[in-house]
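What follows is a set of notes on a single structure, which appears directly below.
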């Protein structure tokens, strides 16, 4: 079997307490054709010392001011040459065996341009909170509910990234949502029920700290496609989309045991 090259880009800034676990979750995949790129924004903590421990296993790394996460990712993907690409934030993890599963999926499904799996939510200590099981991509449901594609479990072919022009630096928090919906305009997004990553869920998490800004960016994306809360039919469409999502998740077993308990204590 000829393994396709997979490029993984990790953006980071002052994430010394998490980055080693992130690096090892990628490197310990032992994937035979890996291109791992780390773009650090000029960290002042122990991050650089940790990255240097593994630099002999990295295709490229840099530490310098980059203007934020999205610009750092753009810098990383400009260097990426893999047929398959993804990014993994420096506080998240890949599940063992993910890269091999992803490669096999793309080889078996040549007409799929992007694919996402499920994810686990973990706490600061890496303890399991719950599994986030998702439904297949539906443009209508996605536009009228929220971006339910977990970015750390999303992989795509390089041609579709190039075709849509890559990440948009105008988005600081919803850059993933903006990229996914542009993928959907020109290609096919698939979903598998495998758990491919872990997302660390904690108060300092960027999207939790800056939720208001994140929501505003998210709405800008939806307005681009005609979704406007001021429209007469907006509430009806949103209700239908939420009902479809709920029914779909119930019918496909997306609500794991322990969900209510976790949500109550969060």
Could you bin all the Cα-Cα distances of the chain into 5 Å bins starting at 0 and give me the percent of pairs in each, rounded to whole numbers? 1, 6, 12, 17, 20, 18, 13, 8, 4, 1, 0, 0
Ranked by GNM mean-square fluctuation in the chain (Cα springs under 10 Å), the top entry among 228, 172, 218 is 228
Going by how many other beta carbons lie within 10 Å of each one, how would you line up 250, 120, 24, fewest first? 250, 24, 120
Once you put a point 7 Å from the Cα of residue 210 and another 7 Å from the Cα of residue 45, both along the Cβ direction, what distance in nm separates them? 1.7 nm
What Kirkwood radius, in Å to one decimal, follows from the Cα pairs of the range 71-139? 14.5 Å
Approximate spin-label separation residue 246-residue 170, in nm, with each point projected 7 Å along Cα-to-Cβ: 3.5 nm
Using Cα springs under 10 Å in a Gaussian network model of the chain, which residue among 80, 119, 104 shows the largest mean-square fluctuation? 104
Over the chain: helical MRE at 222 nm, DSSP H runs n ≥ 4 each giving -39500 (n - 2.57), nearest 500: -11500 deg cm²/dmol
With r as the distance between the Cβ atoms of residue 145 and residue 107 and R0 = 41 Å, compute the FRET efficiency 1/(1 + (r/R0)^6) and round to 0.05. 0.80
Mind checking the full-extension length gain between residue 81 and residue 33? Use 0.36 nm per residue of separation minus the Cα-Cα distance, one decimal, nm. 16.2 nm
Against the longest alpha carbon principal axis of the chain, how many degrees, from 0 to 90 and to the nearest 10, is the axis of helix 211-224 turned? 70 degrees
Restricting things to alpha carbons, tell me how big the range 40-91 is in terms of Rg and Dmax, in Å. 11.4, 33
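Where a number appears in this text, it was derived from the coordinates with a stated rule and is not lab data. All values derive from a computational prediction rather than experimental measurement. Note that each Cβ is placed from the backbone with ideal geometry, even for glycine, and that neighbours are counted across all protein chains shown.
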